[in-house]
Each structure stands twice: as structure tokens, then as C-alpha cells.
Amino acid sequence: MAEEKLPTRAENFADWYNDLVLKAELADYSPVRGCMVVRPYGWTLWENIQGQLDRRFKDTGHVNAAFPLFIPMSFLEKEKEHVKGFAPELAVVTHGGGEKLEEPLVVRPTSETIIGYMYSKWIKSWRDLPVLINQWGNVVRWELRTKLFLRTAEFYWQEGHTAHATEQEAREETLRMLDVYTDFAVNEAAVPVIKGIKSETEKFAGAVMSTTIEAMMQDTKALQSGTSHFLGQNFAKAFEIQFTNQNNELEFCYTTSWGLSTRMIGAIIMTHGDDQGLILPPRLAPIQMVLVPIYKNDAEKASVMEVTNRIWQELKAAGIRIKVDDREGVTPGFKYNDWEMRGVPLRMEIGPKDVEKGSVALARRDKPGREGKSFVSQENIAATVSEMLVNIQAALLERATAMRDSHIHDPKDYEELKQVVQGGWAFSYWCESKACEAKVKEDTKASTRCIPIDGQPEHVGTCIVCGAKAKRKVYFAKAY
RNA sequence: CGGGGUGUAGCGCAGUUGGCAGCGCACCGCGUUUGGGACGCGGGGGCCGGCGGUUCAAGUCCGCCCACCCCGACCA
């Protein structure tokens, strides 16, 4: 049961986040350092995320499969950049069945290698392509500093792995899946994101090009919320994923990979939550509406519960995820706070006065106090509730977008850039040199987040750091 | 892995010159309550992070170790 208040976001955003995750019962610390236990409420949220993504993957022609947790160490070593990137954070199994293993097994940090190996077995002809497979699973990366959902040693995600005959097709796939993520984030999670391309230093180990969706949290830090990589022929060459083309010539495939993890839950928390607790977007919320019956004695209870049950049936039949909080011995006020902590988007109260008047009270989670409260007729209640959930979903996206846009700046010089990244993002011309990127990081702790795909200026400009000619603009921001 | 901090009931903490291990919340029982975090009465719960030392006596003093948290370097 949730109890007591959270620290405010202004006081201490990090503590607010941690406390909220625990008190809303999304997750808990595990006895294993850096790992988390996802509790039923958090997992149901993840299942809803999975459902929406999986639907989109199937709609774009992908199928699911499952690959093993263990990967031979030698597989990782086959792609030079890949192993360099992941070596420091690998968990390695050296023993099995009481015997030392001949070759150590890596607990997968991602599955490009083992899937590449399998693809080389499965792909022979251009007729076998494209291969469009997704896997839902867990991976392990031995992180030094962890934070629930945002960075844990083990996390849950999906990883899509595709193989194509041509570079163009693989590049299109990379961007198609980035669009899927964008559509999901914006329209299901109500998290506004900017899609763009990662710099050379920020890209995935082994990729030719990494793309990302970046979201701004309420502390203005950036959160990479999903990534899609064009891997070129790097993994195809490492694992000999080859096919015979229509001219009977042997060619290497072009591959992609793309992933979105339980980190998205962190994005939702830090995008929408307030000082009362979590606020969940209705489309993903495990419980969309909680119904609190109110009564003083048995007579009132009988009449209130009659109406409560009728409305419960009606809303359930309309497909609304609803819970009746009929706990005895806790006051309605306690229940309000309890469900607000858990972020349930809408609350309905039914008391003796409502029974009398044929009304119910509705309270929107996104608008605290009187502003979010309304009294509506019991007539057509399913339509009223559905409409309100749609409105809440839209209001969350609108509020988050306004917050983000008001914290993106276009600094006029480097001095101003150093200022703005302390409390927002800078959108500036950049010459795309590692030196300038490193200088910003050194001076401000802000890194390049992405070169956005949309919204690039028509004209060339000058790099905000060194003044050299720059074709494109990039976002600089502190990041999680 | 460097710097700082904290370890006492599920959580948050107090514990004086070393002298019976406590408080608040939570939990259990009974009763009264219930439209914004109710109240009364009763109750259960401890390897005081671990190991060693000093002492008649250690939560308290000393040494070593461990764990976790925060800040840095690395990251979905």
C-alpha cells in the first residue's frame, strides 16, 4: 500500500523518481546488485507496451522467435567494434555442471552475434530475403551505476534483427522501425520524441549508423528511448551471412537491429509524473479508471454498491480497464491518494448523493484538485468515460510537448550554449568533428543526442563550437 | 575504479559520560469511523551490517572487512 508523500521534483528529482518507482509498486530492488524485480503493476504496464509494439511489428511484416541466453565468447570477438564496445560490461559463465567450460559463455548483452550465426545457416538465396525477426527477452550488461528501469544490469526489451539483399532496403528498414518507435512513443506513451541520427561516438558498437528517439524528461535531461541501427555488412561479414543473387553471384547481406527496453517505463514516469506520484497515459495504464464507492452505513452501502456494480459492468463491457476499490477500513481520502500515487488516469466516486441524483464524480489525474473534478450523469457513462480518457491522453502529450519545446534553445554562441544545456537542450550547428563534441562534453557534461532527421535548416551554418562550416544541426543535452 | 556518506524492527530514525534496545509509520486483533491521507484500546516483530579487540559490562570505544546510497569516469 502506498503511504506518505514523495520528495518534490524540484527538491530532488532523483529521489522523487526512486521513491515513486518503489511506492507505486512498479519495481523493487533485488538481492543481486544492479538488478531489479519488476512487480505486477510494473509488469502489466510493460505487457501493455509490448502489446502495442508487437502489433506494430506484425503489421510491418515481422515475426517473433527466441534465441538463447548464452552466447559463445568467440562469437562476440568476431566483430571488432562490437566486442570493444561490450567487453567491459559482459557477464561471463565459466562453469557448468560443476565443470570448467572449454569456452566461456557470455550472457547476451544483445543478440546480433548469435542471430547472425543462425542467419548464415538459414539464408542461402535472394529468395530467402528479407528475414524479419523480432525477439522479446532479457539481456545483461554489467553496469557500474544503476537506476531502476533506466539502467539495470539485467533488463527486458525486444530486439529486432533483419537481413536484406540491398543496402537501400536495410536503410529503409532501419528508418521504418524508428518510425514505429516514434509512433508508439507519441501515440501510446504520450512521450514526445525527436528522431535522429547518433554521432559516431554515440553510435552502437558495430553499427554503420545508429538512429534514436530522444525524449526530454522533466528535469530537462535527455533519455534515449529506443534505437534502430543500420549495421551495413559488418555482421554479415563477421558471420558470413551470404546469399546468391539473381545473377548467381554470392553477396553479403545488409542487416539491421532495433531495440526498445523497459527503460521506456522510466521515460513515462519522468515525462508525466507529478509530486503526487505517477501519471500514466490511458492507452497504456494497467488500470484506466478506479471506482471508489462511498458510504457511511449498511443502508447506504447497499444502494451505493448497487449503482457501483451496474456501472462497473457497463464500463467493463465497453472495454475500459476498471478497478473497483471496495477495501473496507480505509477512508476514501486514503484511496484517492493511493491511486494517485499509482498514476491511474481517472477516478470515479459514487456516494449516496450520486445515487440520489443519478450522477457520478470524475476526477482527472492529470489535473489535480477542483480543476480536474466534474460531476456527470450516469446516463451514457461509458461514452463519457471513454471520451475523457481520450482527452487525458491528448492533454498529457500536449503538456509534455510544450514542456520540451520551451526548454529547447538556439544559443547564439558557445557561451550561451554552455548556459542553456544546464537547464535544457541546445539545438545548434555542429561541424560533426569528435573534437568539438568532446569539448562540449568536457565543458558542460552535455553530449550530442542526435542529428534530427526532421527540421534541419535549408542553409549551411557555422559550428557553435569551432566556427567551421556546418551542414546540419544537432541537439546537445545532458543525458541519462 | 576514485571522492563523500550511511548501516539499529518492513520503512524513517533516536539511542547521553559504556549500564534492561526505543520512538513514529507500517503490520495483526477488536470497536467506532468513511465525499481528500480517521481514531481508540490491545498486540507481534531485533545476529544493533560482519569479524576481531578493549572492558565486570559494547548499539556506544578501537581495528579490519562487507554492503548500500550520492558525486565523478562508462552505458539501452
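Scanning the range A:141-160 for residues that are within 21 Å of residue A:87 (Cβ to Cβ) and more than 6 Å from RNA strand B (Cβ to nearest atom) turns up A:142, A:146, A:153, A:154, A:157, A:159. Residues that are part of a helix (DSSP H, G or I), open to solvent by 10 Å² or more (accessible area, probe 1.4 Å), touching a residue at least 24 places away in the same chain (Cβ under 8 Å) and touching a strand residue (DSSP E or B) at 6+ places or on another chain (Cβ under 9 Å) within the range A:265-306 comprise just one, A:271.
Close contacts from the range A:313-332, counting a first residue that is assigned by TED's automatic domain parsing to the domain that holds residue A:349 and a second that is at pLDDT 95 or above and open to solvent by 70 Å² or more (accessible area, probe 1.4 Å), with Cβ to Cβ under 7 Å and a gap of 6+ residues or different chains, come to A:322/A:312; A:322/A:316; A:324/A:312. Just one of the numbered conditions (1) small (Gly, Ala, Ser); (2) exposed (fewer than 15 other Cβ atoms within 10 Å of the Cβ); (3) away from RNA strand B (no atom under 12 Å from the Cβ) is not true of residue A:438: (3). Each residue in the range A:443-466 was checked for being more than 13 Å from residue A:417 (Cβ to Cβ) and outside any strand (DSSP E or B), and 8 pass. Restricting the search to strands (runs of 3 or more DSSP E) fully inside the range A:27-127 and requiring at least 3 residues that are more than 30 Å from residue A:174 (Cβ to Cβ), open to solvent by 50 Å² or more (accessible area, probe 1.4 Å) and charged (D, E, K, R) gives A:99-107. Taking the residues in the range A:1-26 that are assigned to a loop (DSSP other than H, G, I, E, B), in the same structural domain as residue A:142 (by TED's automatic domain parsing) and open to solvent by less than 40 Å² (accessible area, probe 1.4 Å) as candidates, determine which candidate is farthest from residue A:278 (Cα to Cα). The selected residue is A:26.
Criterion applied to A:309, A:337 was being over 24 Å from residue A:192 (Cα atoms) and more than 8 Å from RNA strand B (Cβ to nearest atom), and the one residue passing it is A:309.
The rows are residues; the columns are (1) out of contact with any Leu (no Cβ under 9 Å at 6 or more places or on another chain); (2) closer than 29 Å to residue A:133 by Cβ.
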residue	(1), (2)
A:25	yes, no
A:52	no, yes
A:57	no, yes
A:70	no, yes
A:73	no, yes
A:77	yes, yes
A:99	yes, no
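Listed here are the strands (runs of 3 or more DSSP E) enclosed by the range A:210-259 that have at least 3 residues being open to solvent by less than 10 Å² (accessible area, probe 1.4 Å): A:222-230.
When you go through A:449, A:404 one by one, which is the residue that is within 16 Å of RNA strand B (Cβ to nearest atom) and surrounded by 15 or more Cβ atoms within 10 Å (Cβ to Cβ)?
On inspection, the qualifying residue turns out to be A:449.
Give the residues of the range A:307-320 that are in contact with a strand residue (DSSP E or B) (Cβ under 6 Å, 6 or more places away or on another chain) and small (Gly, Ala, Ser), sorted by residue number. Across the range A:307-320, there are no qualifying residues. Reported count of residues in the range A:316-334, each being within 6 Å of RNA strand B (Cβ to nearest atom) and within 19 Å of residue A:23 (Cβ to Cβ), is 3.
Of all residues in the range A:396-420, those satisfying the criterion of being at pLDDT 95 or above and either touching a Lys or Arg at 6+ places or on another chain (Cβ under 8 Å) or of a type in the set (Val, Ile, Thr) (or both) are A:401, A:408.
Would you confirm, using the coordinates I've provided, whether residue A:204 is in the same structural domain as residue A:26 (by TED's automatic domain parsing) and over 25 Å from residue A:426 (Cβ atoms)?
no
Figure legend. Inter-residue proximity from the range A:221-234: first residues aromatic (Phe, Trp, Tyr), second residues open to solvent by 10 Å² or more (accessible area, probe 1.4 Å) and not in a strand (DSSP E or B), beta-carbon distance below 8 Å, spacing 6+ or different chains. Indicated pairs: A:230/A:171; A:230/A:208.
The values are calculated or read from the model by the stated rules, or taken from the named source; none is laboratory data. The structure presented is a predicted model; accordingly, all values stated were derived computationally and were not measured. Backbone-built Cβ (ideal geometry, glycine too); neighbour counts: all protein chains shown. For the accessible areas, the whole protein counts, side chains as well, though only heavy atoms, and no ligand, DNA or RNA atoms are used. Shrake-Rupley method; radii C 1.70, N 1.55, O 1.52, S 1.80 Å.
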